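The structure appears below as structure tokens.
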Amino acid sequence: MFDNPKIRINELSVGYDDGTQALSDVCLDIPENAITALFGPAGGGKSTLLRTLNRLNDLLDVSISGEVIIDDMNIFDRNVDVISLRRRVGIVFAQPIPLPFSIRKNITYGLELAGERRRAKLDDAVEGSLRSSALWDEVKDRLDDSANALSGGQQQRLCIARVLALAPEVLLLDEPTSGLDPISTAKVESSLQILKQDYTVVIAPSSIQQTARIADLAVFMLQGELVEWGSGEDLFSAPREKQTEEYITGRFG
Amino acid sequence: MIRLSRHHTERIVFAVIGLAAVATAVPIIVIVGSIFFSGAEAVSWQFLLEMPRDGMRSGGIWPAIIGTIYLVVGTGLISIPLGVSSAIYLSEYANDSYWTRMIRLAIVNLAGIPSVVYGLFGLGLFVLFLDLGSSIVAACLTLSIMTIPVIISTAEEALRAVPQSFRVVSVGMGATRWQTIRRVVLPQALPGILTGVILGLNRAAGETAPILFTGAAFFLPKLPNSIFDQTMALPYHLFVISTQVPEMPITIQYGTATVLLAFVLTMNILAASVRSWQRRKREW
């Protein structure tokens, strides 16, 4: 179905220091230029899997075994530069968390960290990324206002924009629309459809319906294990596993 | 037993706690008011800017004022970098281990040590063992040991109040831990840190015991020339002219108390306005 995996996950297990096993023997190929949606009930390991892909879990005490290979590079190798990995694999969280800066500074922050000082480059990145996340027209006249003055939906699109400004290869989204109204959700979803042409998108959608709307590859996760995966259409019209069927028809979860 | 209706209970409770609030405010108002009232006539530009004369019985208190400023600035130069760095280490880098618990315990206990003990410790370590003599630098080091715990605990609290999510977001965008601290965490915690710094230095400005053996002079005919000289200082000068000099005019005593009190109150007001600036500026 997909023959151009961007990320190959081999027998990945992740445990937290309190003893919970968040992921058990996960194997999955994530295709390039497509939307891969991880869905399932809470506690299934979706967030853990996303945060493992750019090693954000390093901030916590976790034990990890297995491999995650992005473009032939195992991200757990000792000599991997974690900082540059996180620039290649950007993440957007469930809660829109703008940094306590202006709208413009939120976007230029990541580039400035890497030493970019040229005003023209930064301005280009601000406009380009805000256009990609469908926020430009709403904020172009007040880029120097505090990012906290934006509505929740605008903040979330700002959070997507600031990740895009880093020109990542992979975009991770952890329930990016969970706090948004339907109109904002629709805007985010439609911008994802455009973004997938240039990026590898991995998302934990906020709902089953959203999974059905946007998933090219849908992955059903339950208690840290992959139960079943397939193209969005196949999985929702003819699930192979009983658990998947029960979940998507609303009998549990 | 008499049962009161809850309306009566309400009134009595409010009366009692209201009275308690007034009772704590009254002594402060009386002390500050009476000192300022009696000291106001002594305070003039000459009093502030002249050297003392006639065995301190006339003239001004300029060397004590400048000495206190030297001590506060010197203490700040030592204790702010050390205190803030320690707070950053404890809040941002240190894991919760046996050693960090020991460090925290030490800080809490340091804050509770009587100030005269700091004075004797400073005498032993800085004045005698390190052979700095009774000097400004020895006094500043002693005052720093007293100030640092205050700065560490308020600064650590201010750093911890910055939401963890900011750090995760920043690191997620490719920042190193130091970039995250420098660009996101510290600017947000700065007002809280400043409050702690001012309160700590304020204590250093008003204390007598720590500088008694380490750097304060009874009387000096001229201003100190270097950090290895002794200096006069407001709190010790006040102690001296109140208890050690016979036939001391009462107006000079009140005048000196007024200046010291005004110094300390100004710093307190500064700390309070920094705190309110912080609340207005906060974006979370």
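Each reported figure results from applying straightforward, stated rules to the coordinates on display, with no laboratory input. Please read these numbers as outputs of a predicted model, since none were measured by experiment. Counting neighbours? That spans all protein chains shown, and the Cβs are built from the backbone with ideal geometry, glycine included.
Key figures
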item	result
log10 of Debye I(q)/I(0), alpha-carbon scatterers only, for segment A:206-253 at 0.14, 0.20, 0.33 Å⁻¹	-0.28, -0.59, -1.50
Shielding of A:84-96 by partner chains, average beta-carbon count, 10 Å	2
Rh (Kirkwood; distinct C-alpha pairs) - segment B:61-281, Å	18.8 Å
C-alpha long axis of helix A:182-195 to longest principal axis of chain A, angle in °	90 degrees
Partner chain coverage, peptide B:73-80 - average Cβ within 10 angstrom	0
From phi via Karplus (6.51, -1.76, 1.60), per-residue ³J(HN,Hα) for segment A:34-43 in Hz, x at Gly/Pro	8, 9, 9, 10, 9, 9, x, x, 4, x
Violating pairs (Cα-Cα greater than 32 angstrom) within the set A:121/A:196; A:46/A:187; A:6/A:140; A:121/A:187	A:6/A:140
Chain B: DSSP helices with Cα axial extent of at least 27 Å and average Kyte-Doolittle hydropathy no lower than 0.5	B:6-39, B:62-88, B:136-160, B:186-206, B:250-281
Relative packing of A:96-105, B:45-54, which averages over residues the other C-beta atoms within 10 Å, highest first	A:96-105, B:45-54
Residue-count net charge about residue B:174 - beta-carbon cut-off 14 Å; Lys, Arg +1, Asp, Glu -1	+3
Rg(Cα) / (2.2 N^0.38 Å) computed for segment B:232-284, rounded to two decimals	1.75
Between helix A:103-113 and chain A: long-axis angle, C-alpha atoms, 0 to 90°, nearest 10	80 degrees
Antiparallel content of DSSP bridges confined to segment A:5-248, in %, to 5	60 percent
FRET efficiency, 1/(1 + (r/R0)^6) with R0 41 Å, evaluated for residue B:277 and residue B:130 via beta carbons	0.55
Summed residue charge, Cβ within 10 Å of residue A:240's Cβ, Lys/Arg positive, Asp/Glu negative	-3
Estimated vicinal HN-Hα couplings, Hz - segment A:87-93 in sequence order (Karplus 6.51, -1.76, 1.60; Gly, Pro = x)	6, 7, 10, x, 10, 10, 9
Chain A - mean residue ellipticity at 222 nm from DSSP helices (-39,500 (n - 2.57) per run, n ≥ 4, rounded to 500)	-10000 deg cm²/dmol
Ellipsoid semi-axes in whole angstrom, largest first, where each is sqrt(5λ) of the Cα gyration tensor of segment A:81-126	18, 16, 8
Highest-first arrangement of B:151-161, A:61-71, where packing means the average Cβ count within 10 Å	B:151-161, A:61-71
Interchain or long-range residues, amide H under 5 Å from residue A:223's placed H	A:44
Kirkwood hydrodynamic radius of segment A:5-248, Cα pairs, Å	18.5 Å
Quotient of C-alpha Rg and 2.2 N^0.38 Å, computed over segment A:135-253	1.21
Packing-based ranking, highest mean first, of B:252-258, B:72-78 given that Cβ atoms within 10 Å are counted	B:252-258, B:72-78
Degrees separating the helix A:152-164 axis from the principal Cα axis of chain A, which is the longest one	90 degrees
Rg/Rh for the protein assembly as shown, where both radii come from Cα atoms and Rh is the Kirkwood radius	1.14
Largest-first ellipsoid semi-axes for segment A:1-100, taking √(5λ) over the Cα gyration tensor eigenvalues, angstrom	19, 17, 17
Cα gyration tensor of segment B:186-284 - equivalent ellipsoid semi-axes, whole Å, descending	34, 17, 9
Per-residue average of Cβ from other chains inside 10 Å of B:172-182	6
